[in-house]
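All remarks here apply to the structure that follows.
Bear in mind that the values in this text are calculations on the coordinates, not laboratory data. As the structure is a prediction and not an experimental result, all values here were calculated from the model. Reconstructed Cβ throughout: ideal geometry from the backbone, glycine too, with neighbour counts over all protein chains shown.
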Amino acid sequence: MNGAPADLLLFDPDEGWKVDADKLAGKAQNSPFDGRPVQGRVLKTVIDGRLVFEPDA
């Protein structure tokens with residue numbers, strides 16, 4: 001639909017980072033990946049034209 005608000009995700013497949021379960025969004029502050037290095041990171045999420053996620057710098 002032309003002129004409609006955008007839904008998009010900006011992802012960097014080359015950025016590595018280490019999982020910190022205490023900083024993950026959600027009620028459960030645990031993860032089987034806690035402390036492990038992973039590859040790829042979401043940089044921004046836009047839903048209906050509104051920025052809904054941008055990680056802390």
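Subtracting the Cα-Cα distance of Asp12 and Leu51 from their residue separation scaled by 0.36 nm leaves 12.3 nm.
Extending 7 Å from Cα along the Cβ direction at Lys23 and again at Val42 yields two label points whose distance is 1.6 nm.
Its Kirkwood hydrodynamic radius, worked out from the mean inverse distance over all distinct Cα pairs, puts the chain at 13.1 Å. Dipole magnitude for region 8-53: computed about the Cα centre from +1 point charges on Lys and Arg Cβ and -1 point charges on Asp and Glu Cβ, it is near 120 debye.
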